[in-house]
Each structure stands twice: as C-alpha cells, then as structure tokens.
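The values are calculated or read from the model by the stated rules, or taken from the named source; none is laboratory data. The structure presented is a predicted model; accordingly, all values stated were derived computationally and were not measured. Glycine also receives a Cβ, built like all others from the backbone with ideal geometry; neighbour counts cover every protein chain displayed. Please note that ligands, DNA and RNA were not included when accessible areas were found on the heavy atoms of the full protein model with its side chains. Shrake-Rupley method; radii C 1.70, N 1.55, O 1.52, S 1.80 Å.
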Amino acid sequence: MTDMTLAAARRALAAREISAVELVDSHNKAIESLNGDVNAFITTTPEQAREAAKAADTLLAKGEGGLLCGIPLGVKDLFCTNGVRTTAASNILRDFVPPYESAVTANLLSEGAIFLGKTNLDEFAMGSTNLTSAFGGVTNPWRRSGSDAKLVPGGSSGGSAAAVAAGMVLGATGTDTGGSIRQPAAFCGITGVKPTYGRCSRFGTIAFASSLDQAGPMARNLEDCAWMLEAMAGFDKRDSTSVDRPVPRYADALERGVKGMKVGIPREYRAPNMPREIEALWEQGIAWLREAGAEPVEVSLPHTKYGLPTYYIVALAEASSNLARYDGVRFGERVKADSLDALYEATRHAGFGEEVRRRILMGTYVLSSGYYDAYYLRAQKVRTMIQRDFLSAFEKVDVLLTPTAPSAAFAHDEKPTDPVQVYLNDVFTVPASMAGVPALSLPAGLDAQGLPLGLQLIGRYFDEETLFAAGRVMEKAAGFSTRPALFAEFGA
Ligand code: GLN
C-alpha cells in the first residue's frame, strides 16, 4: 500500500477496496522501520493518525468525506499544528506547541487528510541540503549505484521529499521561498508544485521571507499534487497577501494536452558549466513536448543572472526582521542572564544555528542605515526587472521549461564549506520565486549514477492548470517509475 499513488489510494478508499486504517497502519509501519535511517520526521503522531483513520472509515462507509479523506500525509515542521509540537527544525522552538492550526493544514484536515507527523527541514527553511536542521540531517532514500554514500535530499523541504520518496507517506506539504519544494523534489525523484504567490494562505506558517514564502504539495506524481493543491489553496482573510480567486479543480486540467502550446526555452538558463546529462535531459523534455504538439520557442530572461544575488538580499532582509521575534521573552527557549540585552544575546546565540545566524547578520546589514539604499532598495528594483522579464516572456509563450537544479543529489560530506557555493544550487528556481509565478518540478530521468533529475515548468500568474497539463505530457513520456534504494513495501 505504500507504493500506491495518492490518487490511486483515493479511488481504492472510495471503492472500499482498502480501509483508511489499513492505509495509515502500513505507512506508520514504514515510518517506524525507515525513519531511523532517513530522519525524515522530527515528530510522529501514529496514535492520533490511527484515531483519525477510524473516523475517516466511518465517513467513507457512508460515501462521505472530503477530497483527501483517509489519505496519510506528512507536514513540513514549519506549519503550526494545534497541540502538536512545531519546531522549524530550530533549537529556539524545540518545545513549541502551537495553540492553533495553520490555514493550509486546517484546509487539508477539513478535506479529511490524516497527518502522520512533522517532517524535517533546514532550520527555518534556510538551506538546500536539509543539513542545517537542529534535529540532524535527512538522508536521501536514493543511493548512487554501487555506493553507500549518504546523499542529501535537498532542501529546505528535504524531510517531506524523502518521506514521499521512501514510501512513508503518500504526499507531504512543503514551502518554497527560493526553491525549497522544487529542488528537494528533483533530488528525491518526486513531483513538487510551488503555486503562485498568494494562492495558499501563509497564516500559521512560520515565516522565513514573507514576500516569497509559498506553500505547496509534494507527492509521487502530478495528479497527486493536483488533489493536494486543490485542498490546500484558497483565500484567507488572515493573510493579506492571499488572493481571493476561485480554486480550480486542477485534476481536470491534467489531460488537456499541449497541442498549439508555446513552450519557452530561456536562453540564459544554459549555464556554461551545466552537466551534460542535465543539458541532455532538458533537450529530451523539449522533444517530448514537441512530439505532443507544442512549439518550442527560444526566449530571453535577461535579468536571470541577478536572480541569486537579489534573492539573497531580499530573503535575508525579511528573515532578519521575521526572526526578531524569537528573543526569549515572548517565544521559545530562554537563556537566563543578568540584563535584558544579555538575555537576548545568550538566547539567540543558543537558539539559532550557524546558517540562521549568518542570515540574520547579513539581513540586518543590508537593512541598516547607509546600506539600505545601496543593497535592499536596489535589490527590490532589480526584482521588478526580473518580474518584467517573465511578463514579457509570457506574452510570447504559455510556459517555460528549464532544468530544476544544476546537479543531482550530492553526498552529505560533499556539501561545500563555502555557503555561497550552496546558494548556487538555487540558480534555476530563484527567479520564479522573485517574480511570484508558479513553477513545478517533475522527475524526468536518471543520471549515469542512477540518481533522479528533475525538469521545471514555470507558468503565468495563477495558471497552475497549464503547468499541470504540460507536466502531464512529460510525465507520460518520461514514465518515471524507479524506486529508491530505501523504499518501504508493506501490507500490499
Ligand atoms: N535554498 C534556498 C535558501 O536557502 C531556498 C530556501 C527555501 O525555498 N525555503 O534560501
């Protein structure tokens, strides 16, 4: 049962071929046997999940229940869950139990989803490796052929990606600020969707960079993501940036096809040192779409090269402001000291890991008087130019196709010591985040070492449906079905 897709499980539950209790039990068992190796979960809630599964079976027996009734999911530990510890993978929130539910998880619960636990991440979602977690790194369930080296799952939603890839859950929530859904999805051979900024409410999601953060689904395929996104999305008056537009039935867009669709290939994404395998896969993706009736068109996004540097100014500035609240007075852990200043200092030093401290320092720097105009304001202006690049490209084409990441998963001990080298991982994902447009990653093939590689589709504002349609054509052509070395098969 752990090898079903979420969509197949929905159908089997509705037809009463399987029960929610069986489905949840086999996934709880998978977590129990694999989490020691993978460390995808910070907190698990097996009993609570089992109780919820019984309630789901009662509804399903009456032919009732929401879109995701009885479906076992993981929740990135950045979404506040009422009564269930929520840590952001940080020591400063190690014992934080929220008294309320985030909008996205509340939406999922009201559609009948069942949460098996809270998934690991880079501390406060800052990273691309999931190695900055205060609860230990996550290990990618994939291995290079003939090697035991432990690989990173990507980040920051690495626990969610690894949990889905390893068969511990049928889907999981992620958040994406600069690539945190798409890059781990690519590293773990699964599908992830970053919707348009404003599509999902940020209420109750612990903030990293408020003008970029966006929740989205991670699952084995596009149909799974379509059902999850429909449940997660929607207007919420508690988030002033959430957008009041009807949520489409994304699953209905899957089989629209791409006949006559124009697919933009951004020239600037042809990085000179891109591995040849990734280049070849990209060509393959273009060919798949062409064969299905789409027309590839070369386009230019001239400000692409400013994406990373401006992202790492805007995101860090916002992070430094958002994380100011963790001062040991109102929230989280406190280290006692003789004066108030000393208390702040000691608390924040003990509570935050190295990467988070680095980002708070840089963010504070670019916002400080004298540097605000030179860095922050300038970055905001460049951000507008990046956004205009996309708007003018979308006058000519319907979607853009690019690789998701410049490499496959790398080993834990291959993580560069220079943080800037790690930031380069986000080169293909950050521009869409800066513009706020939707983007997804789907597994398109394996590299020579047997590791999954992802392709990215980027779309117009609120046009996730076209992404699902184009993605589905590629998904069928790719026929990606390989399972990772660590994969739980129980109860089937
Ligand atoms: N890797 C990027 C960063 O470190 C993106 C993180 C994210 O999307 N949350 O900021």
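Laid out as a table, the results:
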{"item": "Among Ile114, Asn82, Gly127 - extreme Cα towards positive end, dipole of the stretch 76-153, charges at beta-carbon", "result": "Gly127"}
{"item": "Ser110/Gln380 FRET efficiency (R0 35 Å; Cβ-Cβ; nearest 0.05)", "result": "0.40"}
{"item": "Approximate spin-label separation Glu279-Phe235, in nm, with each point projected 7 Å along Cα-to-Cβ", "result": "4.9"}
{"item": "Ordering of 368-378, 284-294, 401-411 by packing [mean C-beta count within 10 Å, highest first]", "result": "401-411, 284-294, 368-378"}
{"item": "Gained length - Arg245 relative to Ser210, 0.36 nm times residue gap less alpha-carbon distance", "result": "10.6 nm"}
{"item": "Förster radius 56 Å - calculated FRET efficiency between Ala350 and Arg256, Cβ distance, rounded to 0.05", "result": "0.60"}
{"item": "Shape call, the stretch 235-281: gyration tensor on alpha carbons, a/c limit 1.5", "result": "oblate"}
{"item": "The stretch 6-165 - Rg and Dmax from Cα coordinates, angstrom", "result": "16.1, 50"}
{"item": "Whether the stretch 241-317 is rounded, prolate or oblate, judged on the alpha carbon gyration tensor where a/c under 1.5 counts as rounded", "result": "oblate"}
{"item": "Compactness of the stretch 356-492 - radius of gyration and Dmax, Cα, Å", "result": "19.0, 63"}
{"item": "Kirkwood-type radius of the stretch 416-492, with distances r between different C-alpha atoms, in Å", "result": "15.0"}
{"item": "Pair Arg270, Val97: separation of 7 Å Cα→Cβ label points (nm)", "result": "5.8"}
{"item": "Mean Cβ count within 10 Å, highest first, over the residues of peptides 244-252, 256-264", "result": "256-264, 244-252"}
{"item": "Ratio Rg/Rh, restricted to the stretch 97-190 and using Cα atoms, in which Rh is the Kirkwood radius", "result": "1.00"}
{"item": "Given Lys150/Lys415; Lys150/Lys194; Lys29/Lys54; Lys194/Lys259; Lys396/Lys476, the pairs whose alpha carbons are separated by over 22 Å", "result": "Lys150/Lys194; Lys194/Lys259; Lys396/Lys476"}
{"item": "Accessible surface of Met362 - all protein chains present, 1.4 Å probe, nearest 10 Å²", "result": "70"}
{"item": "Options Thr402, Gly370, Phe390, ranked by Cα towards positive dipole end of the stretch 368-418, top entry (Cβ charges)", "result": "Gly370"}
{"item": "Rounded to whole Å, sorted largest first: equivalent-ellipsoid semi-axes of the chain, Cα gyration tensor", "result": "30, 29, 21"}
{"item": "Evaluated at q = 0.16 Å⁻¹: base-10 log I(q)/I(0), Debye formula over Cα of the stretch 9-95", "result": "-0.70"}
{"item": "Charge dipole (debye, nearest 20) of the chain; +1 at Cβ of Lys and Arg, -1 at Cβ of Asp and Glu", "result": "580"}
{"item": "DSSP-assigned coil residues among GluC sites (Glu not before Pro) in the stretch 216-285, each with at most 14 further Cβ atoms within 10 Å", "result": "Glu255"}
{"item": "Semi-axis lengths, Å, the stretch 303-397, gyration tensor of Cα atoms, sqrt of 5 times eigenvalues", "result": "36, 13, 10"}
{"item": "Rg/Rg_globular for the stretch 185-306, with Rg_globular taken as 2.2 N^0.38 Å and Rg from C-alpha atoms", "result": "1.26"}
{"item": "Most positive-pole-ward Cα, Gly479, Val24, Leu343, against dipole of the chain from beta carbon charges", "result": "Leu343"}
{"item": "Rounded, prolate or oblate (a/c below 1.5 giving rounded, otherwise prolate when a/b exceeds b/c) for the stretch 437-479 by Cα gyration tensor", "result": "oblate"}
{"item": "Value in Å of the Kirkwood radius, where the stretch 132-232 supplies the Cα pairs that are averaged", "result": "13.7"}
{"item": "Potential lengthening between Lys62 and Arg325 on full extension [0.36 nm per residue; Cα-Cα distance subtracted]", "result": "90.0 nm"}
{"item": "Accessible-area composition of the chain, carbon plus sulfur, in percent [1.4 Å probe]", "result": "51"}
{"item": "The stretch 285-343 and the stretch 394-447: distance between their alpha carbon centers, rounded to Å", "result": "13"}
{"item": "Packing rank of 186-197, 388-399, where each peptide gets the mean count of other beta carbons within 10 Å, highest leading", "result": "186-197, 388-399"}
{"item": "Nearest-0.05 FRET efficiency for Ala55 and Ala485, computed from C-beta distance (R0 56 Å)", "result": "0.95"}
{"item": "Computed [θ] at 222 nm, deg cm²/dmol, the chain (DSSP H ≥ 4; -39,500 (n - 2.57); rounded to nearest 500)", "result": "-11500 deg cm²/dmol"}
{"item": "Surface accessible to a 1.4 Å probe, per residue, for the residues of the chain, Å²", "result": "37"}
